[in-house]
Amino acid sequence: QVQLVESGGGLVQAGGSLRLSCAASGRTFSSYAMAWFRQAPGKREFVAAITWSGGSTNYADSVKGRFTISRDNAKNTVYLQMNSLKPEDTAVYYCAAGSHYSALRAGAPEVWGQGTLVTVSS
């Protein structure tokens, strides 16, 4: 099973950009679908997901056109490029891994990272 460590969070002004990274340990990273979720007070939300090959991606409607998920299997890393950030994007962002893409997107991954805080000021 992989272990996940997120980085790249921080404070940014509205309209700015951040890139989150999620580094995975273990040689089986390329066999997992990967996703990003976020947790604001009282609410956990799916953000984006990518299949093991990177050939398919899905996004929450709230981030479509602004966020891009990608992965580099040679580096055991998945990324979330976040552009045109809004104050409502403020949350703790979690990386997640799962063997089943539909279950992962539904919020049932097999592995969670520890989270990284993104704060967007107005």
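Across the range 52-80, the qualifying residues are those that are open to solvent by 40 Å² or more (accessible area, probe 1.4 Å) and of a type in the set (Ser, Thr, Tyr), and the one among them that is nearest to residue 120 (Cα to Cα) is 62. Cβ separations smaller than 6 Å between residues 6+ apart or across chains give the following pairs from the range 68-86 residues that are within 19 Å of residue 118 (Cβ to Cβ) to residues that are among the small types (Gly, Ala, Ser) and surrounded by 22 or more Cβ atoms within 10 Å (Cβ to Cβ): 69/48. Residues in the range 1-39 that are open to solvent by less than 10 Å² (accessible area, probe 1.4 Å) and part of a loop (DSSP other than H, G, I, E, B): 2 alone. Which of (1) at pLDDT 95 or above; (2) open to solvent by 60 Å² or more (accessible area, probe 1.4 Å) does residue 42 not meet, given it meets every other one? The single condition residue 42 does not satisfy is (1). Note on the range 87-105: residues that are over 21 Å from residue 17 (Cβ atoms) and without any contact (Cβ under 8 Å) to a residue 60 or more places away in the chain amount to 2. Within the range 24-32, does at least one residue satisfy the condition of being aromatic (Phe, Trp, Tyr) and within 9 Å of residue 97 (Cβ to Cβ)? Yes: the range 24-32 contains one or more residues that are aromatic (Phe, Trp, Tyr) and within 9 Å of residue 97 (Cβ to Cβ).
The residues in the range 52-87 that are small (Gly, Ala, Ser), closer than 20 Å to residue 102 by Cα and not in a strand (DSSP E or B) can be counted, and the count is 6.
How many residues does the range 106-122 hold that are under 14 Å from residue 4 (Cβ atoms) and open to solvent by less than 40 Å² (accessible area, probe 1.4 Å)? Write out each step before concluding.
Going residue by residue through the range 106-122, those that are under 14 Å from residue 4 (Cβ atoms) are 109-116.
Then keep just the ones that are open to solvent by less than 40 Å² (accessible area, probe 1.4 Å); that gives 109, 111, 113, 115-116.
Total satisfying the criteria: 5.
Taken together, 17, 21, 25 contain a single residue that is more than 11 Å from the chain's Cα centre (by Cα), closer than 13 Å to residue 80 by Cβ and small (Gly, Ala, Ser), which is 17.
Evaluate the range 54-72: report whether one residue or more is hydroxyl-bearing (Ser, Thr, Tyr) and either more than 18 Å from residue 18 (Cβ to Cβ) or at pLDDT below 95 (or both).
The first filter runs over the range 54-72 and keeps only residues hydroxyl-bearing (Ser, Thr, Tyr), leaving 56-57, 59, 62, 68, 70.
With the extra rule that they be either more than 18 Å from residue 18 (Cβ to Cβ) or at pLDDT below 95 (or both), the set shrinks to 56-57.
Yes, because at least one residue in the range 54-72 is hydroxyl-bearing (Ser, Thr, Tyr) and either more than 18 Å from residue 18 (Cβ to Cβ) or at pLDDT below 95 (or both).
A single member of 49, 103 is assigned to a strand (DSSP E or B) and surrounded by 13 or more Cβ atoms within 10 Å (Cβ to Cβ), and it is 49. Candidates are the residues of the range 1-39 that are at pLDDT 95 or above and charged (D, E, K, R); the one that is farthest from residue 93 (Cα to Cα) is 19.
The values are calculated or read from the model by the stated rules, or taken from the named source; none is laboratory data. On a predicted model such as this, the values are computed, not experimentally measured, just so you know. As a convention, Cβ positions derive from the backbone with ideal geometry for all residues, glycine included, and neighbour counts pool all protein chains shown. Quick note on the areas: whole protein, heavy atoms, side chains included, nothing else; ligands and nucleic acids left out. Shrake-Rupley method; radii C 1.70, N 1.55, O 1.52, S 1.80 Å.
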